[in-house]
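Worksheet: the structure to be examined is printed underneath.
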């Protein structure tokens, strides 16, 4: 019954989150893989990078995304988003329930995970990556408490994971922390050492070594394995300028929630109402550091913190008693939940409207109707939709920020978009004939004031600025 509540929560949370800017280039890459039966290792969509080498670190997830579109169009994509969100919450519920031994408290843990996951619930590869992260924690817990044979699934998990999302690196870190922390035998106040059977620990270590070897089952080898490290260390423009990589604002709702979770956890320790294991403390420290450094990592904090707090709260709430169940009432509530999820699912017109509200749909219609000739300059957030909906117009830039930083295009575009350079320099360098920009772009005000440029079209969210022949 509680799982059905999580289904409602999943559907209602993501029903208005369809048009994510990164959806479209993921979708297009999936289409290329589907139709050509090959995984692209160079940029195929932008003229500015000149087919630069590219790491296809999310190709398997992109294939899944395109498969959903091929089966059901926009509705298929939205169904995939609802399903993945529900699977994430159910997996988190299972993890928190097993870890705490209390299904009611496990439900609270799932709600904690949901609160922090809302920072990144969209049709993107990262959602699949974080589901795999929760599955890893489940496998390790089952291997530790039931049978070490569960550890043998870890290499299989990592083969899938490295081809879906770069978050596999978190899985390796967490997997290494657990057996390493078991050697900490000190007790300090409410802190306790983890209890590990030596044979179980050795089996996990071997499974993790096999998982490291499994990472090489990917299209480009070591480059794909090193990609997440390279992103953090050698892509300062990506990390410093993309909003989701910004430090967490501690005064916003999720920042306050993070502080509340930490305060609750350590108050339980101070009042001696609970204990904490050394590996749990390390996980909370890692999750907090990541979330405070980069807002998008709140997702990781939720995954790591939810089972810890659930275990601490386990004795404060009566455990599930099957004898007290009311099967008829539960069945009725489950049926009601399924109806709410069904009617809460957005229709085709709703999804189309979300696309029109967030993407340059009407602007593209104008470009085609007036037969504007490229090359085209476009805003960063519009690149994904344009390369999906108008492949005949190669984009200047899109959400695949990595390849544009490697080639220097991201720096050029950033300086152009923020008026740090003469606007004509970049436009002339790439022989741009028209621009598709958001209404928030300063260039909408600047370019029409310059010789040889005019505002050709505008609507509530986008504008087209055209070069005028001399």
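The values are calculated or read from the model by the stated rules, or taken from the named source; none is laboratory data. Just so you know, these numbers come straight off a predicted model, no measurement behind them. Using ideal geometry, Cβ is built from the backbone for each residue, glycine included, and neighbour counts are taken over all protein chains shown.
Across the range 186-196, not a single residue is classified as in contact (Cβ under 8 Å) with a residue 40 or more places away in the chain, part of a loop (DSSP other than H, G, I, E, B) and surrounded by 18 or more Cβ atoms within 10 Å (Cβ to Cβ). Among the conditions (1) surrounded by fewer than 16 Cβ atoms within 10 Å (Cβ to Cβ); (2) modelled with pLDDT of 95 or more, residue 323 misses just one, which is (2). Is it the case that some residue within the range 202-215 is in a loop (DSSP other than H, G, I, E, B), in contact with a helix residue (DSSP H, G or I) (Cβ under 6 Å, 6 or more places away or on another chain), surrounded by 14 or more Cβ atoms within 10 Å (Cβ to Cβ) and modelled with pLDDT of 95 or more? Yes, there is a match, as at least one residue in the range 202-215 is in a loop (DSSP other than H, G, I, E, B), in contact with a helix residue (DSSP H, G or I) (Cβ under 6 Å, 6 or more places away or on another chain), surrounded by 14 or more Cβ atoms within 10 Å (Cβ to Cβ) and modelled with pLDDT of 95 or more. The residues of the range 50-61 that are outside any loop (DSSP other than H, G, I, E, B) and surrounded by fewer than 14 Cβ atoms within 10 Å (Cβ to Cβ) amount to a single one, 53.
Results for (1) assigned by TED's automatic domain parsing to the domain that holds residue 402; (2) closer than 24 Å to residue 301 by Cα; (3) in a helix (DSSP H, G or I); (4) touching a residue at least 60 places away in the same chain (Cβ under 8 Å), shown as yes or no for each residue.
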{"residue": "11", "(1), (2), (3), (4)": "no, yes, yes, yes"}
{"residue": "32", "(1), (2), (3), (4)": "no, no, yes, no"}
{"residue": "72", "(1), (2), (3), (4)": "no, no, yes, no"}
{"residue": "79", "(1), (2), (3), (4)": "no, no, yes, yes"}
{"residue": "105", "(1), (2), (3), (4)": "no, yes, yes, yes"}
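For the range 284-302, filtered to residues that are touching a helix residue (DSSP H, G or I) at 6+ places or on another chain (Cβ under 7 Å) and without any contact (Cβ under 8 Å) to a residue 40 or more places away in the chain, the residue that is surrounded by the fewest Cβ atoms within 10 Å (Cβ to Cβ) is 290. Look through 120, 143, 109 and report the one residue that is touching a helix residue (DSSP H, G or I) at 6+ places or on another chain (Cβ under 6 Å) and not in a helix (DSSP H, G or I). After applying the criteria, what remains is 120. Specify which of the listed residues (157, 127) is under 14 Å from the mean Cα position of the chain (by Cα), assigned by TED's automatic domain parsing to the domain that holds residue 258, under 21 Å from residue 57 (Cα atoms) and free of Cβ contacts under 8 Å to residues at least 60 places away in the same chain. After ruling out the rest, the residue left standing is 127.
Restricted to the range 160-185, and to residues there that are buried (at least 19 other Cβ atoms within 10 Å of the Cβ) and in a loop (DSSP other than H, G, I, E, B), the residue that is farthest from the chain's Cα centre (by Cα) is 182. For residue 281, the criteria (1) free of Cβ contacts under 8 Å to residues at least 60 places away in the same chain; (2) within 24 Å of residue 179 (Cβ to Cβ) hold in every case but one, which is (1). Quick check, is residue 252 in the same structural domain as residue 181 (by TED's automatic domain parsing) and exposed (fewer than 12 other Cβ atoms within 10 Å of the Cβ)? Yes: the conditions hold for residue 252.
Look at (1) farther than 29 Å from residue 268 by Cβ; (2) under 18 Å from the mean Cα position of the chain (by Cα); (3) outside any loop (DSSP other than H, G, I, E, B) and you find that residue 199 fails only one, number (2). Looking at 84, 63, 89, 80, just one residue is more than 29 Å from residue 253 (Cα to Cα) and at pLDDT 95 or above, and that residue is 63. Does residue 266 qualify as being without any contact (Cβ under 8 Å) to a residue 12 or more places away in the chain and either surrounded by fewer than 20 Cβ atoms within 10 Å (Cβ to Cβ) or in contact with a helix residue (DSSP H, G or I) (Cβ under 7 Å, 6 or more places away or on another chain) (or both)? Yes: the conditions hold for residue 266. Flag: residue 467 does not match the condition of being exposed (fewer than 14 other Cβ atoms within 10 Å of the Cβ) and touching a strand residue (DSSP E or B) at 6+ places or on another chain (Cβ under 7 Å). Under the condition of being farther than 17 Å from residue 462 by Cβ and either over 23 Å from the mean Cα position of the chain (by Cα) or not in a loop (DSSP other than H, G, I, E, B) (or both), the residues counted in the range 341-366 number 9. Selection of the range 32-49 for residues being surrounded by 19 or more Cβ atoms within 10 Å (Cβ to Cβ) and farther than 23 Å from residue 221 by Cβ yields 45, 46, 48.
Does at least one position in the range 127-137 carry a residue that is modelled with pLDDT of 95 or more, in a helix (DSSP H, G or I) and either more than 30 Å from residue 202 (Cα to Cα) or out of contact with any helix residue (DSSP H, G or I) (no Cβ under 8 Å at 6 or more places or on another chain) (or both)? Looking for residues that are modelled with pLDDT of 95 or more, in a helix (DSSP H, G or I) and either more than 30 Å from residue 202 (Cα to Cα) or out of contact with any helix residue (DSSP H, G or I) (no Cβ under 8 Å at 6 or more places or on another chain) (or both), one finds at least one in the range 127-137, hence yes.
Any residue that is more than 20 Å from residue 439 (Cα to Cα) and either in the same structural domain as residue 440 (by TED's automatic domain parsing) or surrounded by fewer than 18 Cβ atoms within 10 Å (Cβ to Cβ) (or both) - is there at least one of those in the range 354-366? Within the range 354-366, none of the residues are more than 20 Å from residue 439 (Cα to Cα) and either in the same structural domain as residue 440 (by TED's automatic domain parsing) or surrounded by fewer than 18 Cβ atoms within 10 Å (Cβ to Cβ) (or both).
Screening residue 348 with (1) free of Cβ contacts under 8 Å to residues at least 24 places away in the same chain; (2) not assigned by TED's automatic domain parsing to the domain that holds residue 69 gives one miss only, at (1).
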